[in-house]
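The values are calculated or read from the model by the stated rules, or taken from the named source; none is laboratory data. In this text the structure is predicted, and so the values were computed from the model without any measurement. Don't worry about glycine lacking a Cβ; one is built from the backbone with ideal geometry, like all the others, and counts go over all protein chains shown. When the accessible area is computed, the model is the full protein with side chains, heavy atoms only, and any ligands, DNA or RNA have been set aside. Shrake-Rupley method; radii C 1.70, N 1.55, O 1.52, S 1.80 Å.
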Amino acid sequence: MNIAARDQQVIWHPFTQQKNMSSPIPIVKGKDSILYAEDGSSYIDAISSWWVTLHGHGHPYIAEKIYRQALTLEQVIFAGFTHEPAVRLAERLLPILPGKFSRVFYSDNGSTSTEVALKMAVQYWWNKEEKNRKKILAFTNSYHGDTFGAMSVSDRSVFTLAFHDLLFEVIFIDTPTAENINATKALIHEQGSEIAAFIYEPLVQGAGGMKMYDAFLMNELLMSVKLSGILCIADEVMTGFGRTGKLFASCYMNQHPDIICLSKGLTGGTMALGVTACNDTVYKAFVNDDKFKTFFHGHSFTANPLACTAALASLDLLEKEDCIKKIEWLSATNHLFLESLKTGPWKTKGWRTLGTLLAFEIKEGKDEYLNSISASFTKMAMDKGVYLRPLGNTVYIMPPYCITEEELKKIYHCILEVLEQLA
Ligand SMILES: *Cc1c(COP(=O)(O)O)cnc(C)c1O
């Protein structure tokens, strides 16, 4: 039996209705921007394999570093022990994060990084014996992961429907617009003293449909949140490491978070790792003679040496001049393509771009995740050798930074061809 047939006997795939699911495509190799399938076909990975791959697949520099580390120390308990890759990664991350951060807490993925952030923020107030601050503030249309805490602070949607009775209560506000900012500020002023933390995806709501909002207004909102003493948690799991054109999306604002969550591109997309970094104010609230004020959280693979090594190698590549130039080029090229989309005859709307991210909606059916145009779009694009996976009727691209001019042109061309075919 081939891989796909064997898969269908034993595997349960994520975010996938198993009934009548189309046969999964076995991938046998990844190199740079290209995924190679078992049957000999290949696809440009235009969404960085679910937003993780930064420098391309099978990068020899990262692979070599992981291999060497695996021969040296592949894993060790992280309570009572430490190791060079974990310490070095924290030393390198802290100074480049947007704000004054002093500690790194490691976990395994994006969802755990937000869980850690929420628990840190709630226990911060508990440790300070401020019993009133228990509520969490979050954006409507947000996505912070799939574990229970992360689901609770994510928008109530098709993803969370079965669990609504079990999710904790959250105050949801809309992302800032010129129309709503004053009302939102008033709400924060009124209820702020009961709010422990505000969690947000800075400037781009990823899973919510690559929705973008204004940096200037967000800065105003953050100012008012901070004025109420609320801890700010930036979830940069998707926006981190250059995706928005700056190293972090929070760099577009001068009001910085107290806690930041990182994953996805952290290891260049090679290994699972989560980081939750906090400032000294948060950290100090846990340093106490009282053992009850300990942060009782950890995972078996906390600070896995292989993953930390991969992250260090990815940072080496990211900080190189040609990678920074590539991000700038990608941003500028996206911008030009967007202009041609806007003026073209296709049934599209909501054109937007920020850095290396580009998104728009197809005017077809409802603006929602379950819009079936997504599956047809993916199929047609793959027939042309490009992997795209629209969120409902929202088409977006998020290529790895190693993408070549030729490959990028092919992605654009493919999008236009599919739009034509759909019309
Ligand atoms: C993907 C994502 C997460 C969840 O990360 P996982 O590694 O998939 O658990 C959390 N927050 C944001 C903003 C994300 O895009």
Would you check which residues across the stretch 207-239 are part of a loop (DSSP other than H, G, I, E, B) and within 23 Å of residue 122 (Cβ to Cβ) and list them? 228, 229, 230, 236, 237
List every residue pair whose Cβ atoms lie under 6 Å apart, where the two residues are 6 or more positions apart in sequence or sit on different chains, the first residue falls within the stretch 90-106 and is under 13 Å from residue 279 (Cβ atoms), and the second residue, located anywhere, is open to solvent by 50 Å² or more (accessible area, probe 1.4 Å) and assigned to a loop (DSSP other than H, G, I, E, B). 98/256; 99/256
Elements of type helices (runs of 4 or more DSSP H) in the stretch 47-104, at least 3 residues being within 16 Å of the ligand (Cβ to nearest atom): 48-51
In the stretch 219-250, how many are among the small types (Gly, Ala, Ser), more than 11 Å from the ligand (Cβ to nearest atom) and open to solvent by less than 10 Å² (accessible area, probe 1.4 Å)? 2
Among the residues of the stretch 381-418, which ones are open to solvent by less than 10 Å² (accessible area, probe 1.4 Å), not β-branched (Val, Ile, Thr) and not in a loop (DSSP other than H, G, I, E, B)? 381, 396, 408, 414
Within the stretch 115-144, count every residue that is part of a loop (DSSP other than H, G, I, E, B) and either away from the ligand (no atom under 15 Å from the Cβ) or outside the structural domain of residue 200 (by TED's automatic domain parsing) (or both). 7
Does the stretch 71-92 include one or more residues that are surrounded by 17 or more Cβ atoms within 10 Å (Cβ to Cβ), farther than 30 Å from residue 281 by Cα, more than 23 Å from the chain's Cα centre (by Cα) and not hydroxyl-bearing (Ser, Thr, Tyr)? no
Within the set of pairs 6+ apart or on separate chains, which have a first residue in the stretch 336-352 that is within 13 Å of residue 413 (Cα to Cα), a second that is hydroxyl-bearing (Ser, Thr, Tyr) and surrounded by 12 or more Cβ atoms within 10 Å (Cβ to Cβ), and C-beta atoms under 7 Å apart? 337/412; 338/353; 341/348
Surrounded by fewer than 20 Cβ atoms within 10 Å (Cβ to Cβ), farther than 27 Å from residue 188 by Cβ and outside the structural domain of residue 392 (by TED's automatic domain parsing) - does that describe any residue in the stretch 95-102? yes
Restricting the stretch 268-277 to residues that are within 12 Å of the ligand (Cβ to nearest atom) and among the small types (Gly, Ala, Ser), which is most open to solvent (accessible area, probe 1.4 Å)? 272
State which residue is farthest from the ligand (Cβ to nearest atom) when the search covers only the stretch 145-164 and only residues that are within 18 Å of residue 391 (Cβ to Cβ) and open to solvent by 60 Å² or more (accessible area, probe 1.4 Å). 161
Counted residues, the stretch 251-267 - those being under 13 Å from the mean Cα position of the chain (by Cα) and either surrounded by fewer than 23 Cβ atoms within 10 Å (Cβ to Cβ) or not basic (Lys, Arg) (or both): 7
Name the single residue, out of those in the stretch 199-216 being open to solvent by 10 Å² or more (accessible area, probe 1.4 Å) and of a type in the set (Phe, Trp, Tyr), that is farthest from the ligand (Cβ to nearest atom). 216
